[in-house]
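One structure is given below, encoded as structure tokens.
The numbers here are math on the coordinates, done by the rules we state, and not lab data. Being a predicted model, the structure only gives us computed values, none of them experimental. FYI the Cβ positions are ideal-geometry reconstructions off the backbone, even for glycines, and counts take in every protein chain you see.
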Amino acid sequence: MSLPAASDLLLPLGMAAAAGLIGSIAVMRRMTLASDAISHVALPGITAAMLIGANPVAGGFVALVLGAILVWSVEQKTRVPTEAIIGVVFSAALAIGSMLASGEELIEALFGAARRPSPAEAAVGLLAAVAVIVFAVRARSRLVITLVSPDLARTIGINVARTNLVFLLAFALTVALGLRYLGVLLMGSLIIIPAATGKLLARSLSGMRRVSVGSAMGSMLAGSLAAPALGVERGPLVIAASAAFFFASLLRRPEA
Amino acid sequence: MANALEVSHLTVAFGKTTIIDDLSFDVKTGSSLAIIGPNGSGKTVLFKALIGALPSRGAVRWAPGTKIGYVPQKLDIERDLPLTGLEFLRARAEVARAPQEEATRALGLVDLAPETAAQPIGTLSGGQFQRLLLAFALMGHPTVLLFDEPTAGVDEPGQEEIYGLFGRLKREEGLTLLIISHELTLVYRNADNVLCLSRRRAWLGPPVSILTPERLQEAYGAPAHFHVHGDR
């Protein structure tokens, strides 16, 4: 048994911070189920990339970006509810992905793998995590006003369609970041569960973001440290830790 | 231009259903226009077309340099949304690249206590939330304010207070006001002109000529009553 080096924790923790910030907005936008579903869109991209010998994370990212643009454009042009669009896209993505992958590959894509990223992958991943964090901090006011009322946002000059698209793309990038560690199924959970904990405990946006980021990073750290000790995969442990934070928060929820 | 707003031949349709058909009217700078009419007559749709949130045909011309403040109809806010009133106003200041003190100034204009604004927005009462939205609208130093049912869900003293506030803003800040309302008594007492929409046609004029039993019967398809206490 050996503990991970600090440098091995940098990318997972950066990714968790990005997930906590993006998750805060997703949960406030009532995208709890939708967010989980969007992450599954990565599956056909991962399996297709494996089939042609390309980088699976890059394949997953391409599929996520295409999925985000598809959901956004259908949302813009039709009156079909977002939940319905995402439900259809998610089911289709799962079906295509599972047709393309073998049993072991499918499990790896869904739950992540223990392989270490190459230095280049780690550098790209860190850059992407920083990009998501910078976006979530800089665009927070636009995002918050848009989620309270798109009409109000328009009257003060916010481009609502562009704000929604950039948010979905940042969401896609965040999911792609976690694909290697947590896989498709668990990454959606790391975005949503810490943010749901934040919503339960906080009464302000700044409080929610602090709890969400803290819970995501704490879960990642706990899972990363406990995995080698227990001899199990990191991904499920990270999600179990974030779920434990959530259930513990139910006991401490302040009165509204 | 002496008019803050000129609307000519405005038509808004959803698919084959026309909601507003060939509507034309002007609003004088510094005046107040109340928009009344039965449910489904297109009042909110008209506002959304005026702010460009809905596609429309015809012309909507705002006076050069117009800045619009919009106070929407009751918003669907979750009670446990973790966002305080102050954070909401500060977000507004950040988008406008205005100093954060703008939030404090706007709260003062609408008489909303800072400790009330520090609460999550989902826990504010109807009247407090309306004031917060009004403060949000005032932060951009608007020349025109659009209110969509500002007193819906607010008790009678609260309604009087909100209309009193409108009168003060109109006098002191020189604002042009467009107000959608079902409170015909308050409209009668506070509006310079009334635009009455029905599903078939529209009427425009001073309250005394629009708020007549015959006109209201025709617009609403049923008698609509209101009470006038004393002189305007």
Query - For residues of A:207-214, the mean tally of beta carbons on other chains within 10 Å - result: 1
Report summary line: Mean separation of Cα contacts under 8 Å (at least 6 apart) over the residue count of chain A, i.e. the relative contact order in percent, is 32
Query - Full-stretch length increase - A:R210, A:A95 - with 0.36 nm per residue and alpha-carbon distance subtracted - result: 37.7 nm
Query raised in the report: If you place +1 on the Cβ of every Lys and Arg and -1 on the Cβ of every Asp and Glu, how big does the dipole about the Cα centre of the stretch A:6-251 come out, in debye to the nearest 20?
Result: 940
Report task. Would you work out the relative contact order for the stretch B:135-192, in percent, from Cα pairs under 8 angstrom that are 6 or more residues apart? Result -> 45
Query - B:Q119-A:I69 pseudo-label distance in nm [points 7 Å out on the Cα-to-Cβ vector] - result: 4.7
Report task. Would you list which lysines come within 30 Å of B:K16, measuring only between C-alpha atoms, while excluding same-chain residues fewer than 8 positions from it? Result -> A:K77, B:K43, B:K48, B:K74
Report task. Would you work out the relative contact order for the stretch B:67-136, in percent, from Cα pairs under 8 angstrom that are 6 or more residues apart? Result -> 45
Report summary line: Distance in nm between A:D8 and A:A240 label points, each 7 Å along Cα→Cβ, equals 1.9
Requested in this report: Neighbouring Cβ atoms within 10 Å as the yardstick, rank B:E78, B:E183, A:E75 fewest first.
Outcome: B:E78, A:E75, B:E183
Query raised in the report: Ordered by residue, what ³J(HN,Hα) values in Hz, to whole numbers, does the stretch B:83-88 give under the Karplus form 6.51 cos²θ - 1.76 cosθ + 1.60, where θ = phi - 60° and Gly and Pro are x?
Result: 8, 7, x, 5, 4, 4
Report task. Could you size up the charge dipole of the protein assembly as shown around its Cα centre, putting +1 on the beta carbon of Lys and Arg and -1 on that of Asp and Glu, and report it in debye to the nearest 20? Result -> 600
